[in-house]
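Single-structure report; data block below.
The values are calculated or read from the model by the stated rules, or taken from the named source; none is laboratory data. Treat the numbers as computed from the prediction; the structure is a model and nothing was measured. Cβ placement follows ideal geometry from the backbone for every residue including glycine, while neighbour counts extend to all protein chains displayed.
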Amino acid sequence: MADFEQVRQAVLAFRDERDWLQFHNPKDLAISLSLEAAELLETFQWSGDDLWCKEKLGEQEAELADVLIYALMLADRLGVDPVEAIAAKLEQNSRKYTPGSTQRTRRAASRTNTPSCRALCQAQTHMR
């Protein structure tokens, strides 16, 4: 099993062996990352109450890999160390979302996750 730095280096080597760096500006990489995330989301589309869609795990894994690859390439072009960025964001989130705060959120979400609330959300979505 490879570690994070080995995977990151393999992604960048793959890109460089194909001379793709010339096409990889931050805007286009961010767009590509978003499109790949949408493809991951598509594996859950129309699944109804099936929140896991386990029969599509292979597709989900492949799409998630695409998202991660584009994220690594974008980080490289922006000069962002992904490990440092993740550590900083986790530190920021630990101050914002203290332990126990999710309990309050879960209770509030359970009150809005009723059939009538779901129907209202669906109706609002269709009206857009």
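Quick one: what pairs do we get from the stretch 74-96, first residue in contact (Cβ under 8 Å) with a residue 24 or more places away in the chain, second aromatic (Phe, Trp, Tyr) and surrounded by 10 or more Cβ atoms within 10 Å (Cβ to Cβ), C-beta under 7 Å, 6+ apart or different chains?
83/4
Output the number of the condition that residue 20 fails; it satisfies all remaining conditions of (1) modelled with pLDDT of 95 or more; (2) within 19 Å of the chain's Cα centre (by Cα); (3) not polar (S, T, N, Q).
(2)
Do the conditions hold for residue 58, that is, is it at pLDDT 95 or above and farther than 28 Å from residue 25 by Cβ?
Considered against the rule, which asks whether it is at pLDDT 95 or above and farther than 28 Å from residue 25 by Cβ, residue 58 comes out as yes.
Quick one: what pairs do we get from the stretch 52-67, first residue surrounded by 13 or more Cβ atoms within 10 Å (Cβ to Cβ), second of a type in the set (Val, Ile, Thr) and not in a helix (DSSP H, G or I), C-beta under 8 Å, 6+ apart or different chains?
Within 8 Å, the pairs are 53/43; 56/43; 59/43; 60/43; 63/43.
Just to be sure I understand, how many residues within the stretch 1-40 are touching a helix residue (DSSP H, G or I) at 6+ places or on another chain (Cβ under 9 Å), within 23 Å of residue 57 (Cβ to Cβ) and not in a helix (DSSP H, G or I)?
Matching residues across the stretch 1-40 total 1.
Taking only pairs six or more apart or across chains, which ones have beta-carbon atoms under 9 Å, a first residue in the stretch 1-15 that is closer than 19 Å to residue 67 by Cβ, and a second residue that is modelled with pLDDT under 95?
If the second residue must be modelled with pLDDT under 95, the pairs left are 10/2.
Failed condition for residue 97, given (1) at pLDDT 95 or above; (2) out of contact with any Ser or Thr (no Cβ under 6 Å at 6 or more places or on another chain); (3) of a type outside the set (A, V, I, L, M), with all others met?
(1)
Out of everything in the stretch 43-73 that is assigned to a loop (DSSP other than H, G, I, E, B) and out of contact with any helix residue (DSSP H, G or I) (no Cβ under 9 Å at 6 or more places or on another chain), what residue ends up being nearest to residue 6 (Cα to Cα)?
If we filter the stretch 43-73 for residues that are assigned to a loop (DSSP other than H, G, I, E, B), which is where we start, we get 43-53.
Then drop every residue that is not out of contact with any helix residue (DSSP H, G or I) (no Cβ under 9 Å at 6 or more places or on another chain), which leaves 45-46, 48-52.
Values: 45: 34, 46: 37, 48: 39, 49: 38, 50: 35, 51: 33, 52: 30 Å.
The residue in question is 52.
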